[in-house]
Amino acid sequence: MSVGKYAIHNIRGGAFTLRRTESRALNTCSTVLTLTANTVKIKLFDQFYVTLVDTGSGTSVLSEQFARKLGIEILRIEKGDITVMVTADGNPIHVVGKSLLSIKLGGLTVPFEFLVVRRLSQNLILGIDFLKHTKAVINCSDKTISFYDDMVQVNILSHDRKIVACLDREYKLEPRTENVVQVYLSDSVPQQCIMMEPLIAREKQKYLIARALVEPRGKTSICRILNPTNQILKKILNSTKRFTCCMHSISRY
């Protein structure tokens, strides 16, 4: 199964094949349509970037344009390294070098070597070599990817519209307490019980948000926040929750 748009396969002479799917007519590699691509957010040099995840891609690759934009060092190709990739329609894609990047996934820094190629529509493609190295597990049900035996987890980005809930004001959480707080919703919800679930915890987040079955009133509801630490957490603001379903198909209980 390939959860992305590209698949790189080994062929004779150290070249690879880059397979493309769901492309527009007369598309080149640089214009491939990726509306339904499975992407995640990674952090590079203290900035977040959207990255394609593809289990059908044998090798992880980096766009030359993106590398030069960020000032990433491109190392020379050594003897025996891959020098050319070939698309399914026979067009060559030249490997210009390789780069060692330190990618941050949900707070965990992972150093990994990427091939640098030209004419790539994505900034980065995390291929099967990266997924194996990080012991990644893709959960299609809740649209998450966990790494290193559930040490860290990230969301697969969704293009569906979600209803989210945010705190209505700043809160102070006492040590080792559970707190019921008011939240406001991004959209009105009909009078019915719905399941609210927390987003994946943010980097350095010290509090936890509980899954809860609630019955909102218009654009307001409640949720439970836990402070498991031994210190007071001040100015807890805009912690976000997400309903399990899209706003057009909210589950009934």
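The values are calculated or read from the model by the stated rules, or taken from the named source; none is laboratory data. Please read these numbers as outputs of a predicted model, since none were measured by experiment. When we count neighbours, we look across all protein chains shown, and the Cβ atoms used for this are built from the backbone with ideal geometry, even at glycine.
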- [ ] Mind telling me which of the residues ILE93, ILE72 ends up being surrounded by 14 or more Cβ atoms within 10 Å (Cβ to Cβ), modelled with pLDDT under 90 and not polar (S, T, N, Q)?
- [x] ILE93
Task: 3 or more residues at pLDDT below 90, surrounded by 13 or more Cβ atoms within 10 Å (Cβ to Cβ) and more than 12 Å from the chain's Cα centre (by Cα): qualifying strands (runs of 3 or more DSSP E) within the stretch 121-183 - done: 162-167
- [ ] Kindly indicate whether LEU101 is within 19 Å of THR59 (Cα to Cα) and in a loop (DSSP other than H, G, I, E, B).
- [x] no
TODO: Look through the stretch 57-86, keep the residues that are among the small types (Gly, Ala, Ser) and not in a loop (DSSP other than H, G, I, E, B), and return whichever of them is nearest to LEU101 (Cα to Cα).
DONE: ALA67
